[in-house]
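Accompanying notes for the structure given below.
The values are calculated or read from the model by the stated rules, or taken from the named source; none is laboratory data. All values reported here derive from a predicted model rather than from experimental measurement. All Cβ positions, even for glycine, are placed from backbone atoms using ideal geometry, and neighbour counts span all protein chains on display.
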Amino acid sequence: MSYTLAAAASATGLSKTIILRAIKDGRIVGTKDEHGEWHIEPAELSLLVPSIVEHSAGGPSTVPDVEALGAQTEALLRQAGDRLRRQLDEVHRDREDDRAPDPDLVLVDQRERS
């Protein structure tokens, strides 16, 4: 039983683009049918995502790799936190710039004018 590109993406949690790039790069083998649709064998997908297993009942399913998912989540959260820190620093700099006196403005003491 082979997967279509869309089914392979759904089964692995990867995008169709990533799977197609793996085929084009030669990391996995995929074949096109007479309609131009890609088909990928489960054994090939296991090269990309080792947690793909065949069940004796017939269909492939995924077994999540909790440690890998945790590491990916941690990395994404770090990236998001860094991005938010940079944005916050930028807002603080903008506020400080708004509060700083404009050197082009000349302040005149009102008492001197009268």
State whether the residues of segment 40-50 include one that is at pLDDT 85 or above and not in a helix (DSSP H, G or I). yes
Do we find that residue 102 is at pLDDT below 80 and either outside any helix (DSSP H, G or I) or touching a Pro at 6+ places or on another chain (Cβ under 6 Å) (or both) in this structure? yes
Would you check if there is a residue in segment 66-73 being under 25 Å from residue 20 (Cα atoms), at pLDDT below 85 and among the acidic types (Asp, Glu)? no
